[in-house]
Amino acid sequence: KNVQQIARPHGGKIIIHRDIELARQLEIDCVHLTSAQLATLSERPQDMDWVSASTHNLADLQQVDRLGLDFAFLGHVNVSQSHPNEVPLGWSEFTALCQHGWRFPILAIGGQNSETLITAQQYGGHGIAVLRAAWIEALKS
C-alpha cells in the first residue's frame, strides 16, 4: 500500500509479476504474465489497467493478440545472464516476429541496455526492457 501511495499521485503504475490474485487483493492496477501463464488463459484478466506478458515465439504473440493484452516483452534477444544456457532469438528472428502488424507494442528483452534501444526500434520493437543494465547504470552515477 505504501508504494501505491507514492506512485499513484504521480500517475505511476505498479506491476505485479505473475500473481493475478495478489494484484487484485492489493488493488494493484497491472499484472505481467509469464509465457506459461499466457498459454493457459482463455480471457484477459479482469479489473487490470494493464496486462503484459513475456513472449518467446509466434504462438505467444498470437495469444497476446487474442487476449487483447496491452504490450509484450519478446526475447530473450541477446545473450543474457538471466538465461546463460539458452540460445537467444537474435535480431533477425526478433524483427520477423515483430512484422505481423500487432496492435500492441513489443519491447525487446534479454541482454538489452541503453545502447540497444535504437537497434530494437530499427528491428521493429517499440523499446527495450532492462533490469540488470538499469541497476549497473544507476550504480555508476
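Structure values in brief
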| item | result |
| --- | --- |
| Farthest positive-ward along the chain dipole, Cα basis, beta-carbon charges - from TYR123, ALA96, ILE16 | ILE16 |
| Within-10-Å neighbourhood charge of PHE104 [Cβ basis; K, R +1; D, E -1] | -1 |
| Relative contact order %, the chain, counting alpha carbon pairs below 8 Å whose residues are six or more apart | 15 percent |
| Net charge of neighbours whose Cβ lies under 13 Å from the Cβ of GLN46, counting Lys and Arg as +1 and Asp and Glu as -1 | -3 |
| Rounded accessible area of ILE6 (nearest 10 Å², 1.4 Å probe) | 120 Å² |
| The chain - percent of accessible surface contributed by carbon and sulfur, probe 1.4 Å | 53 percent |
| Cleavage-rule hits (trypsin sites (Lys or Arg not before Pro)) in segment 1-42: DSSP loop, at most 16 neighbouring Cβ within 10 angstrom | LYS1, LYS13, ARG18 |
| Nearest-10 value in Å² for the accessible area of ASP49, using the 1.4 Å probe | 80 Å² |
| Rounded FRET efficiency, nearest 0.05, which uses the C-beta distance separating ASN85 from ASN2 and R0 of 41 Å | 0.60 |
| Separation of the GLU93 and LEU58 label points, Cα + 7 Å toward Cβ, nm | 1.3 nm |
| 14 Å beta-carbon shell around ILE15, net charge (K/R +1, D/E -1) | -1 |
| Two-decimal Rg to Rh for segment 32-79 - Kirkwood Rh, Cα set | 0.96 |
| Range of Cα positions in segment 58-141 per principal axis (Å), largest first | 41, 26, 22 |
| Zero-based 10 Å bins, Cα pair distances in the chain, whole percents | 11, 38, 36, 15, 0 |
| Helix-derived mean residue ellipticity, 222 nm - over the chain, DSSP H n ≥ 4, -39500 (n - 2.57), to 500 | -9500 deg cm²/dmol |
| Translational D in µm²/s for segment 1-58 (Stokes-Einstein at 20 °C, 1.002 mPa s, Kirkwood Rh from C-alpha pairs) | 177 µm²/s |
| Estimated distance in nm for a label pair at ASP47 and HIS10, the labels positioned 7 Å out from Cα along Cα-to-Cβ | 2.7 nm |
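The values are calculated or read from the model by the stated rules, or taken from the named source; none is laboratory data. Because the structure is a prediction, the values reported are computed rather than measured. No Cβ is skipped: glycine too gets one built from the backbone with ideal geometry, and neighbour counts run over all protein chains shown. Quick note on the areas: whole protein, heavy atoms, side chains included, nothing else; ligands and nucleic acids left out. Shrake-Rupley method; radii C 1.70, N 1.55, O 1.52, S 1.80 Å.
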